[in-house]
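I have placed the structure first, in the form of structure tokens, so that the comments after it can refer back to it.
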Amino acid sequence: MIIGTHMSVAKGLEEAAKNTVWMNANTMQIFSRNPRGSTYKAYSEKEVDAFLTIRKEHEFGPILAHAPYTMNLASAKPEVYEFACTVIREDIQRMDELSIENIVFHPGSHTGIGVEAGIENIINGLNQAITGEENIMVLLETMSGKGTEIGSTFEELKAIRDGVTHKEKIGICLDTCHVFAAGYDIVNHLDEVLEKFDDILGLELLRAIHLNDSMMPFASKKDRHATIGDGEIGFDALLHVLTHEKLRHLPFYLETPLDDAGHKEEIAKIRKNIES
Ligand SMILES: [Zn+2]
């Protein structure tokens, strides 16, 4: 099992990697820059070397970088759009240089211009960012569909990917909380949801899972993460996702509302239930 948690941006790379080992985890998610702002800290060579050494020694699985929540690549507002284009272009490059395997971003909200126009903006934004020379994969996240959010259906994610010139660089990160809130019943019909994913996108595009429970009910189109077992999805259904034969090889990242000690316990609880 490849499992880890998201790490606060304040930690930096080396501390995040050490913390991952301490948690008995074997991967991690980091933010590519300040998640609610625009700034990033340049990592020193020493810090990058330490990070690379720890991840190698402890045989981490693929590491996931998460782009900031503040970027909206679907926006029709020039200043918002330009900012999003710059962030995704810079962060694909920066994370690729760190040998990070995947970077995920929220496709964006169309805020009134319509899904089609929003998708066109996302495609153009990705096309100015992806050169095709990168090793890193760019993952579209499945969204809950709150407000005018794009990416809450597999069809919308496919439409984005289909428009990208280097679409071989585009994969998907499935968030269990978001798909449940979007109306995909992973509790009672996981096999059918995966079949649908396979028909529309292809399961080979699935590169990562955000493993979260949901505070909000099924198909609520609301995005509120709960700790594993304390939400509407429940522990058994999430365990089923983790151990499913079509999913269990993937890296799983917890984004649950807990501190480091809480995440360590959450991972221990998951491991105990899987191994027993
Ligand atoms: Zn996300």
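The values are calculated or read from the model by the stated rules, or taken from the named source; none is laboratory data. Since the model is a prediction, treat every value here as computed from it, not as a measurement. Positions of Cβ are generated from backbone atoms using ideal geometry, with glycine treated the same way; all protein chains shown enter the neighbour counts.
Have a look at E232, E265, E204 and point out the one that is at pLDDT 95 or above, over 26 Å from V21 (Cβ atoms), assigned to a helix (DSSP H, G or I) and among the acidic types (D, E). If you could, list the steps in order and put the result at the bottom.
Values: E232 fails: assigned to a helix (DSSP H, G or I); E265 fails: over 26 Å from V21 (Cβ atoms).
The unique qualifying residue is E204.
Comparison of S75, S44, S32 shows that the only residue that is loosely packed, with under 15 Cβ neighbours inside 10 Å and small (G, A, S) is S44. Taken over segment 176-187, the criterion of being under 20 Å from D199 (Cβ atoms) and within 14 Å of the ligand (Cβ to nearest atom) is satisfied by T176, H178, V179, A182. Taken over segment 47-65, the criterion of being of a type in the set (A, V, I, L, M) and either modelled with pLDDT under 95 or buried (at least 22 other Cβ atoms within 10 Å of the Cβ) (or both) is satisfied by I63, L64, A65.
Considered as a group, the residues in segment 146-174 that are within 14 Å of the ligand (Cβ to nearest atom) and part of a loop (DSSP other than H, G, I, E, B) include one that is surrounded by the fewest Cβ atoms within 10 Å (Cβ to Cβ), and that residue is K146. State which residue is nearest to the ligand (Cβ to nearest atom) when the search covers only segment 236-248 and only residues that are in contact (Cβ under 8 Å) with a residue 24 or more places away in the chain and assigned to a loop (DSSP other than H, G, I, E, B). For segment 236-248, the residue satisfying everything is L247.
Applying the selection to segment 122-141, what residues are within 16 Å of the ligand (Cβ to nearest atom) and acidic (D, E)?
In the first step, residues of segment 122-141 are kept if they are within 16 Å of the ligand (Cβ to nearest atom); the result is 122, 137-141.
Scanning segment 122-141 gives a single hit, E141.
Would you confirm whether any residue within segment 175-186 is surrounded by fewer than 21 Cβ atoms within 10 Å (Cβ to Cβ), more than 15 Å from the chain's Cα centre (by Cα), touching a residue at least 24 places away in the same chain (Cβ under 8 Å) and closer than 18 Å to N121 by Cα? Looking for residues that are surrounded by fewer than 21 Cβ atoms within 10 Å (Cβ to Cβ), more than 15 Å from the chain's Cα centre (by Cα), touching a residue at least 24 places away in the same chain (Cβ under 8 Å) and closer than 18 Å to N121 by Cα, one finds none in segment 175-186, hence no. If we scan segment 41-58, do we find a residue that is within 16 Å of the ligand (Cβ to nearest atom) and either in contact with a strand residue (DSSP E or B) (Cβ under 6 Å, 6 or more places away or on another chain) or over 22 Å from H6 (Cα atoms) (or both)? Checked against the condition, which is being within 16 Å of the ligand (Cβ to nearest atom) and either in contact with a strand residue (DSSP E or B) (Cβ under 6 Å, 6 or more places away or on another chain) or over 22 Å from H6 (Cα atoms) (or both), segment 41-58 yields no hits at all.
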